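Only the coordinates and a few stated rules stand behind these numbers; no lab work does. Computed from a predicted model, the values in this text were never measured in an experiment. Note that each Cβ is placed from the backbone with ideal geometry, even for glycine, and that neighbours are counted across all protein chains shown.
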Amino acid sequence: MYKIETPETDAEFEAYFEFRWLMLRKPWNYPQGSEKDEYEQVSEHRMIRNNKGEVIAIGRIHMNSAEEAQVRHIAVANDAQGRGLAKMIMSSLEAVARQEGAVRIVTNSRELSTPFFESCGFEVEKEASTELGKLKRQQMVKRLLAHNTILLHPKWCKELQDTWHDTIPISEQMGIKLYQYSGKTLENRASLNKNINLHGTMFAGSIFSLATLTGWGMIFLQLKEKNLVGEIVLGDGNIHYHKPITMQPRALCHIESLSGKFEPLAKDKKCQIKLQVDILDGDTAVAEFKGVYWILPPEAEEQDAQSE
């Protein structure tokens, strides 16, 4: 039985890159070193080894943008082909893309590899630039459909996502995306690769931003549910960290954590809402955020603007 692995030690990476060079560069007489590029540090790498510990299959994925992931360097040893190893690698890389919030995956495929990627759901989109000046390739695209995602009121959710990106551009740079909304629970996710520090964990400031935006987003959606309008402002926020985030940053806000009344807003009065956002790394709880938000009625917004 074969197992997908992530190279971690220097020795594992050395074997991983050696195999990449042997399979994808040496046949075209390129020197060692040509198998690497500037994306290695921000990529996710996967490999499969045989019972002797020898690398027999590899693949890599990195994010081109908040919505697009790119697969590169999938290779399987000649004597291990025909066992489904390439599809195992591809499945693992696609899972990474979904976790990062990608809505499509692209790859630049050589002619011989095109049937494989087509079998994985990719379609040829256009001709790509040649690789290393020689190898003709085609750009292929696979559009991802969310699995097991609950998205109540998709128009509201899209409006919230667009509001974040338009008014807080750094949220897009951080790869913060609305993952699911059930009416009672809002879950947002962020890209670890876009928020990683020198220790290989997520910046504390990025975790705080993810938490505050999640609380803000939950109130935004609750205003929609109640057919109310107002300006949401963070009044106070405290976060308690337990563990670092090293895998998948997730933020969940449950409606049960909200306290306060929205009714004053209907009478053109501001209201205060308190809530909690739980931060998880995959399925592991790592932090709790408690926030106090004020919602200002539209008239209060206009008066503030005039007084300025």
Taking loop as defined by DSSP and a crowding limit of 13 other beta carbons within 10 Å, which GluC sites (Glu not before Pro) in segment 25-114 fit? 38, 54
Rounded to the nearest 0.05, what FRET efficiency do residue 203 and residue 290 have when you use their Cβ-Cβ distance and R0 = 22 Å? 0.65
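Using Stokes-Einstein with the Kirkwood hydrodynamic radius over Cα pairs, what translational diffusion coefficient do you get for segment 21-78 at 37 °C and a viscosity of 0.692 mPa s, in µm²/s rounded to a whole number?
259 µm²/s
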Listed by chain and number, the lysines with an alpha carbon less than 20 angstrom from that of residue 52, same-chain partners under 8 positions apart left out, are 3
The pairs in 184/261; 226/267; 87/142; 184/226; 158/270; 126/158 lying past 18 Å Cα-Cα in this model are 158/270; 126/158
Which ³J(HN,Hα) values in Hz, rounded to whole numbers, follow from the phi angles of segment 18-27 under the Karplus curve 6.51 cos²θ - 1.76 cosθ + 1.60, where θ = phi - 60° and Gly and Pro get x? 4, 5, 4, 5, 4, 8, 10, 10, 4, x
Evaluate the relative contact order of segment 4-143 (contact order divided by residue number), counting alpha-carbon pairs under 8 angstrom at least 6 apart; express in whole percent. 18 percent
Treat each spin label as a single point 7 Å out from the Cα along the C-beta direction, and report the residue 41 to residue 229 distance in nm. 4.8 nm
Given Cα pairs under 8 Å that are at least 6 residues apart, what percent is the relative contact order of the chain? 11 percent
What number in nm² do you get for segment 4-143 if you take the convex hull of its Cα atoms and divide its surface by four? 8.3 nm²
Which FRET efficiency value, to the nearest 0.05, is calculated for residue 283 and residue 32 with the Förster distance at 45 angstrom and r the Cβ-Cβ distance? 0.65
Theoretical gain in end-to-end length, residue 254 to residue 136 [0.36 nm per residue, Cα-Cα removed]: 37.4 nm
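What number, rounded to the nearest 500 deg cm²/dmol, is the helix-based mean residue ellipticity at 222 nm of the chain, given -39500 (n - 2.57) per DSSP H run of at least four residues and division by all its residues?
One gets -9000 deg cm²/dmol as the mean residue ellipticity at 222 nm.
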Under 5 Å, built H, 5+ apart or other chain: amide partners of residue 68: 103
Just subtract the alpha-carbon distance of residue 269 and residue 68 from 0.36 nm times their residue separation and send over the number in nm, one decimal. 68.1 nm
Which aspartates and glutamates have a Cα less than 14 Å from the Cα of residue 243, not counting those fewer than 8 places away in the same chain? 278, 281, 283, 288
Counting other beta carbons within 10 Å of each residue's own, what order do 49, 110 fall into, fewest first? 110, 49
